[in-house]
Ligand code: ARG
C-alpha cells in the first residue's frame, strides 16, 4: 500500500469509528457490561432463560417479558442502573455470569448454598416450592409414589435435585429436559409419568393447557425455595444497588402491583 493509500485507509477507519460512536455504539467490556463511547453509564447485561412463563417468556415479537422482567426493570429503575436482557439457556446461565458474559441473572433462580459459593444473591424476591404434575387420572398421591415411575425435570434445576435425591443420580427413569415446558409437553404426550418443577410454572402451564388434562400433587417434603437475583461473586456495589431497588419496590407498592398482574391478589 502506498503512503497515500495507507493514510486514506486510516482516515476511513477513524471516520467510521467516529460515525459509530456518533450513533451511540456501545462497547462491550471484558465484564460483559457495555459502556458508552464516552465512558458513560454502563449497561448491565441481564441473562434470563425466557421459556419459563409467567416468570420469563418471549412474546410473539420475540421480546422478553414476564414477572421477573418487570421486577428487574423496576429494581433497575430504583437503583438508577441501565440494563438490557439477553435470553440465555438455563443450563449455561451460571457460567455466563461467572465468565463475564452476563452481569446479572434473573431467571426464577432458587438461592441455594451450592450456588452461593459460585455467585452472590440479592435478598429474596419470591417464595416458591416444587410441585408435581401428573395426568388427571394418575394414581400418584405423594412424591414417594414417583420412585418407580418415569419422571421429567428441567436439567440442573432444583426440581432435578429433589428428584435425584429420591430416585438416585444416575437413575435412567429420570428424564432431563432443556426446558420445563418441554418436560410438560412430554407429560402431556405420555412420555413421562410425572414432572417435578417450580409451582408457579406448573400451575401456569396447566391453566393454559386445559386439554392436556393434568393435575398437581403437593408434598410436604418439598422445602421452601426463595428466588434471588444473582451477580458475580464480589460485585458488591452492584448487589447493594439491586438490594436497595428490591427494598424500594417492596416499600412503595410497585412489587405488589407487578405480583398482582401475574398471580392475582396476594393472600396474606
Ligand atoms: N427455581 C428453579 C431453580 O433455580 C428453576 C429455575 C428455572 N428457571 C428458568 N428460567 N428456566 O433451579
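Per-structure values
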{"read-out": "Whole-angstrom Cα spans of segment 208-267 along principal axes, big to small", "value": "48, 27, 22"}
{"read-out": "Kirkwood Rh in Å, taken over all unlike Cα pairs in segment 38-82", "value": "11.5"}
{"read-out": "Cα-only Debye scattering, segment 116-268: base-10 log of I(q)/I(0) at q = 0.16 Å⁻¹", "value": "-0.94"}
{"read-out": "Calculated diffusion of the chain, Stokes-Einstein form, Kirkwood radius summed over Cα pairs, 25 °C and 0.890 mPa s, µm²/s", "value": "120"}
{"read-out": "Most mobile of 100, 159, 234 in a GNM of the chain (Cα contacts under 10 Å)", "value": "234"}
{"read-out": "Extension reserve of the residue 244-residue 178 stretch, reckoned as 0.36 nm per residue once the Cα distance is removed", "value": "20.4 nm"}
{"read-out": "Helical contribution to [θ] at 222 nm, DSSP H n ≥ 4, -39,500 (n - 2.57), averaged over the chain, rounded to 500", "value": "-12000 deg cm²/dmol"}
{"read-out": "Cα-only radius of gyration and Dmax that characterise segment 83-145, units Å", "value": "16.2, 47"}
{"read-out": "Most mobile of 193, 252, 101 in a GNM of the chain (Cα contacts under 10 Å)", "value": "252"}
{"read-out": "Rg(Cα) / (2.2 N^0.38 Å) computed for segment 42-151, rounded to two decimals", "value": "1.28"}
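All of the numbers you see were taken from the coordinates with simple rules; none came from a lab. What you are looking at is a predicted structure, and each value in this text was computed from that prediction instead of being measured.
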